[in-house]
1. What FRET efficiency comes out for residue 54 versus residue 92 if R0 is 41 angstrom and r is the Cβ-Cβ distance? Round to the nearest 0.05.
2. If you bin the C-alpha pair distances of the range 136-222 every 5 Å from 0, what whole percents do you get?
3. With springs only between Cα atoms under 10 Å, which of 25, 72, 183 fluctuates most in a Gaussian network model of the chain?
4. How high is the relative contact order of the range 3-86, in percent, counting Cα pairs under 8 Å that sit 6 or more residues apart?
5. So for each of 92-103, 197-208 I average, over its residues, the number of other beta carbons within 10 Å; can you give me the resulting order with the highest mean first?
6. Placing +1 on the Cβ of each Lys and Arg and -1 on the Cβ of each Asp and Glu in the chain, which of 96, 30, 286 has its Cα farthest towards the positive end of the resulting dipole?
7. How large is log10 I(q)/I(0) at q = 0.16 Å⁻¹ when the Debye formula is applied to the Cα atoms of the range 1-55, each weighted equally and without solvent?
8. What lysines could a cross-link reach from residue 103, if we take a straight Cα to Cα line under 22 Å and drop same-chain neighbours fewer than 8 places away?
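Every number here is computed from the coordinates shown, using simple stated rules; none is lab data. Bear in mind the structure is a predicted one, so any value in this text is a computation, not a measurement. Glycine gets a Cβ as well: all are built from the backbone with ideal geometry, and neighbour counts include every protein chain shown.
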Amino acid sequence: MELRHLRYFQAVAEELSFSKAARRLNIAQPALSRAVQEIERDLGVNLIDRNRRSARLTPAGKVLLQEIALLLDRLEESLRRVRRTAAGEEGELRLGYIGPPTKPFLGRILAEYRRRYPRVSVHLEERTPERVWEMVAQGRLSVGLTRPVLAHEALGLPSLLLRQERLCAALPPDHAWTGKTSLPWRALAREAIIMLARREGAGSHDAVLAACRAAKFAPRVSHSPSLIGTVLQYVEAGAGIGIVPESVAVEQTASEVKLIPLRPARTIPLVMVWANDGDDPAVVAFRALVKEWLNADRLWDFRPKRGG
């Protein structure tokens, strides 16, 4: 039984006339009659009572007409979903990210993505940089917004540089250096240092250590918490000087911690990473949106707002 035969029966059942149905379908009436007869033969039931003047649906014919309507509606919706999926308008986006570095743009860009692709299901997972890379490599995440990690070259995943963030000293509000516009790394030699634990980001941790070595001192690390927010809490409590990326400024809505750029400038990258086979249209659409915003300089707007 072919799909077109079901459409033929639907036309006859709705028109209750073979001649009218033939004109509606733009086919010859004998071909239409044969198609309906084939359906009846396949089902082993009489669907239409015919005479020279009229056609009338049998009870079985009425049921088939209802079922065909449901079937064709479902088919049309399925085809629409296929087209939407191919266009990136439907599907699933599983996004892994790290916290403060993505805060300036993540909420805004996801809102725009949802506006453009409201049928795509978005799932978010905040993880450490290493975990984001691992989950993307395993196919458990579609795309990641993260730092490069020691194993990123070995994983061979494609990536896009989003930003190079300068490292800053985070000072308590009453510190004598808060009026300075920059600080040399060497100035931190005698200070208690607070920095993220290496397990939370080997790349940034090692960048700090390398900068200290270049300045010819070994940092006196007093605390190595797992969260940037905890680094800032230690600093505000006067436990030492934090070394953090400049995007930490977005965490300072209620904090009096002062960020001072360190010189010479040392930066740590933020990247977007995806799987080698990441050609799912919903994922491709998200990557395209990130690139669009990056080129238009819309990603990085984390400076404190004035007024209002």
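1. Efficiency, from the Cβ-Cβ distance: 0.20.
2. In whole percents, the pair-distance histogram is 2, 10, 19, 21, 16, 12, 9, 7, 4, 1.
3. Highest fluctuation of the listed residues: 25.
4. 27 percent
5. Highest mean packing first, the order is 92-103, 197-208.
6. So the residue we want is 30.
7. These q points yield log10 I(q)/I(0) values of -0.40.
8. Those lysines meeting the cut-off are 258, 291, 305.
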